[in-house]
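Encoded as structure tokens, the structure appears first; notes follow it.
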Number of protein chains: 2
Amino acid sequence: MVRRKWTVGVDFGGTNVKLGLVTDAGRVVGTERFSSKGFNGPGRFIDGVSLAIETLARSAGVTPAQLRGVGVGAPGPVDVEDGVVHSLVNVPGWRRVPLRRLLERRLRCRCAVENDANLFLLGEWHVGAAQGIRQAVGVTLGTGVGGALLINGELYRGTSGAAGEIGHMVVHPYGRRCGCGARGCLEAQVGTAAIVEMGRGALRRNTGGLRALFRKSQGPLTPALISEAAARGDPAARQIWADVGRWLGLGLGSVVNLLNPERIVIGGGVAHAWGWFYPGLIRALRAQAQRVAASAVRVVRGRLGEEAGIVGAAVSVWSGDR
Amino acid sequence: MVRRKWTVGVDFGGTNVKLGLVTDAGRVVGTERFSSKGFNGPGRFIDGVSLAIETLARSAGVTPAQLRGVGVGAPGPVDVEDGVVHSLVNVPGWRRVPLRRLLERRLRCRCAVENDANLFLLGEWHVGAAQGIRQAVGVTLGTGVGGALLINGELYRGTSGAAGEIGHMVVHPYGRRCGCGARGCLEAQVGTAAIVEMGRGALRRNTGGLRALFRKSQGPLTPALISEAAARGDPAARQIWADVGRWLGLGLGSVVNLLNPERIVIGGGVAHAWGWFYPGLIRALRAQAQRVAASAVRVVRGRLGEEAGIVGAAVSVWSGDR
């Protein structure tokens, strides 16, 4: 029998589905991706995953039957025991989908399904920025602000699998309206939509770098463009990131006071602006957090970049091996 | 050998030290108290505890030597492993006091020292409102707003024993200045000082019930007086409690989103106003918390009243028996 040395991790995002072939050492040795647009149910997703796995396996010289398993991170609440996806934040038509069972039937190997923020932290814990840590908090910055908790060396999911929603902690009760209906959630203050809205405000007032960049790009206004303007010295763009850092620091200061973690790992697409928002973040966090807890925590950027979710998805398959 | 059936629980508050003789079933069968004013170090505290224990034991017909042990809840951060009190919030002169060792030397029995909010939750978990619960949050309302976390059926203390500081989660970044230096911490918004300040504002505008009660009482303005005015129909007093409830609900909504607990137990002196602040609390909590997590949690008042800390202190001694 061939020893099963590879696992496939699947990161199911609102825009793309990314797959990676992951070695037992947690290294990604091949990737595939396809668009997640137009998924009205699990059928096309499973077709796409199945096809991409065949391609990945072929490139590694193995057959899909030789894979150790497939792990999937989904952007929404997941019942991990049953492998059921309750709903997906930015993908319609998914309601209580028994994704693990459907995948196992098609792929004929062990499958695991988890919330994507949990897998980000699991990946960073396994081979990234939270290695060896027992109390850690993971934060993913993007369209949504996701969160995950590692408590006593294990993912903590809460009473009904809904724990870790750092993005819906309130940081400003009179702040921006959140997609969840409340006001001033961390996600409402620092999610991509909020950053872009701050950018639009700056564009209206701004005659400098951001405006010039935006015109030249001829694309939509994005956090990446605002970072570029900050890098070129635009004070309005820098102020946006200072504000983002301040809201993050306030929210994470509350998390530090509540959980006294040893490490906070920040990832997701918007983490590319780390250098711009980190100073404001750490200043606000230290002002909010109690001395003992503040001095116990290190806030770091994730080390695995875009691959954290893929690695975490593979790790979640191995956890089932135990 | 006489079977040791009683334990002494000590609740070390900023105003009084309360002691109780606790049966193995968690029932308090006798209490003593003495003032905690003028404690500049542990000497007088230990003298007072020693004397009160003798009185308690005598009344139960046992000698102090027959006690199973003595547990102490301290209002500040405690290193539970070493039994060291780092500092006390409202009692000066306590810095890194090895209280457990000092008590054991004097009392010649097993002693335990814990943070008082942790003991509140431990008491309510053992024989009160959180029995059988694995994920619970405890909140004590008073001069300070204390917090404690039960995670997977165990007290969670965090990386350096500083977890559970619900009172220093931010609920309003432009709110009242907190004793910790930050702004708009939950404690700054709903601690006794904030409630009294809101009461003073109401007194200035108010020509009704609160003003009449305050004049008649000839004492200081207290949360209890504001509750009485609310009970008599004073709209300004009722508005104060509605505001207190709203801030509590916002803060606890964040806690629910982060931890997805099954139960939140609220105690402390200000919990006497439960009926006045609960409606605002639960409305704000449901607006802030995500649906799955909100429907999983019950917010209840502690069942042990003033005795929760005493019972919890006794339970902490038994935990050491295992």
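Brief remarks follow.
- Failed criterion for A:VAL265 (all others in (1) assigned to a helix (DSSP H, G or I); (2) more than 9 Å from chain B (Cβ to nearest Cβ) hold): (1)
- Selection count, region B:297-322, where residues are buried (at least 21 other Cβ atoms within 10 Å of the Cβ) and in a helix (DSSP H, G or I): 11
- Region A:81-120, residues that are surrounded by 19 or more Cβ atoms within 10 Å (Cβ to Cβ) and on the phi > 0 side of the Ramachandran plot: A:GLY83
- Considering only residues in region A:140-150 that are outside any loop (DSSP other than H, G, I, E, B) and over 20 Å from B:LEU252 (Cα atoms), the one that is farthest from the other protein chains (Cβ to nearest Cβ) turns out to be A:LEU141.
- Qualifying residue in region A:236-252 (condition: farther than 30 Å from B:LEU186 by Cβ, open to solvent by 50 Å² or more (accessible area, probe 1.4 Å) and modelled with pLDDT of 95 or more): yes
- Evaluation of B:VAL292 against the conditions (1) facing chain A (nearest Cβ under 8 Å); (2) under 18 Å from the mean Cα position of the chain (by Cα); (3) β-branched (Val, Ile, Thr) shows that the sole unmet condition is (2).
- B:LEU103 vs. criteria within 17 Å of the chain's Cα centre (by Cα) and away from chain A (no Cβ under 11 Å): no
- If you go through region B:32-65 and keep only what is more than 20 Å from B:GLU307 (Cα to Cα) and polar (S, T, N, Q), you end up with B:ASN40, B:THR63.
- Inspection of region A:237-251 finds no residue satisfying the criterion of being assigned to a loop (DSSP other than H, G, I, E, B) and more than 14 Å from every other protein chain (Cβ to nearest Cβ).
- For region A:64-79, the set of residues classified as away from chain B (no Cβ under 13 Å), over 16 Å from A:ARG106 (Cβ atoms) and surrounded by fewer than 21 Cβ atoms within 10 Å (Cβ to Cβ) consists of A:GLN66, A:ARG68, listed by residue number.
- Candidates A:ALA313, A:ALA287, A:ALA212 - the one that is over 22 Å from A:LEU150 (Cα atoms), among the aliphatic types (A, V, I, L, M) and either within 14 Å of another protein chain (Cβ to nearest Cβ) or in contact (Cβ under 8 Å) with a residue 40 or more places away in the chain (or both): A:ALA287
- Residues being open to solvent by 40 Å² or more (accessible area, probe 1.4 Å), more than 8 Å from chain A (Cβ to nearest Cβ) and within 20 Å of the chain's Cα centre (by Cα) - total across region B:168-196: 3
- Scanning region A:210-228 for residues that are over 17 Å from A:GLY269 (Cα atoms), part of a helix (DSSP H, G or I) and open to solvent by 30 Å² or more (accessible area, probe 1.4 Å) yields a total of 6.
- The lone exception for A:ILE226 - which of (1) more than 22 Å from the chain's Cα centre (by Cα); (2) more than 14 Å from every other protein chain (Cβ to nearest Cβ) it fails: (1)
- From the options A:GLY132, A:GLY123, residue that is of a type outside the set (Phe, Trp, Tyr), assigned to a loop (DSSP other than H, G, I, E, B) and either within 14 Å of chain B (Cβ to nearest Cβ) or buried (at least 24 other Cβ atoms within 10 Å of the Cβ) (or both): A:GLY132
- Residue in region B:153-167 that is under 30 Å from A:ALA294 (Cα atoms), within 14 Å of chain A (Cβ to nearest Cβ) and in a helix (DSSP H, G or I) present: yes
- Pairing residues of region A:215-231 that are touching a residue at least 40 places away in the same chain (Cβ under 8 Å) with residues that are hydroxyl-bearing (Ser, Thr, Tyr) and surrounded by 14 or more Cβ atoms within 10 Å (Cβ to Cβ), at Cβ distances under 9 Å and at least 6 apart in sequence or on separate chains, gives A:PRO223/A:THR192.
- Among the residues examined, B:ALA231 qualifies as farther than 21 Å from B:ALA136 by Cβ, open to solvent by 40 Å² or more (accessible area, probe 1.4 Å), aliphatic (A, V, I, L, M) and more than 11 Å from chain A (Cβ to nearest Cβ).
- Residue in region A:258-271 that is more than 25 Å from B:VAL139 (Cα to Cα), open to solvent by 40 Å² or more (accessible area, probe 1.4 Å) and in contact with a helix residue (DSSP H, G or I) (Cβ under 7 Å, 6 or more places away or on another chain) present: no
- Note on region B:280-296: residues that are surrounded by 24 or more Cβ atoms within 10 Å (Cβ to Cβ) and assigned to a helix (DSSP H, G or I) total 5.
- Residue within region A:252-260 that is part of a helix (DSSP H, G or I), within 8 Å of chain B (Cβ to nearest Cβ) and touching a Lys or Arg at 6+ places or on another chain (Cβ under 9 Å) present: yes
- Checked against the criterion of being within 25 Å of B:GLU165 (Cα to Cα) and aliphatic (A, V, I, L, M), the candidates B:VAL49, B:VAL91, B:VAL28, B:VAL22 yield just one match: B:VAL91.
The values are calculated or read from the model by the stated rules, or taken from the named source; none is laboratory data. Just so it is clear, the structure is predicted and the values come from calculations on it, not from any experiment. Every residue, glycine among them, receives a Cβ derived from its backbone with ideal geometry; neighbour counts consider all protein chains shown. Protein only, heavy atoms only, side chains kept; ligands, DNA and RNA dropped before computing areas. Shrake-Rupley method; radii C 1.70, N 1.55, O 1.52, S 1.80 Å.
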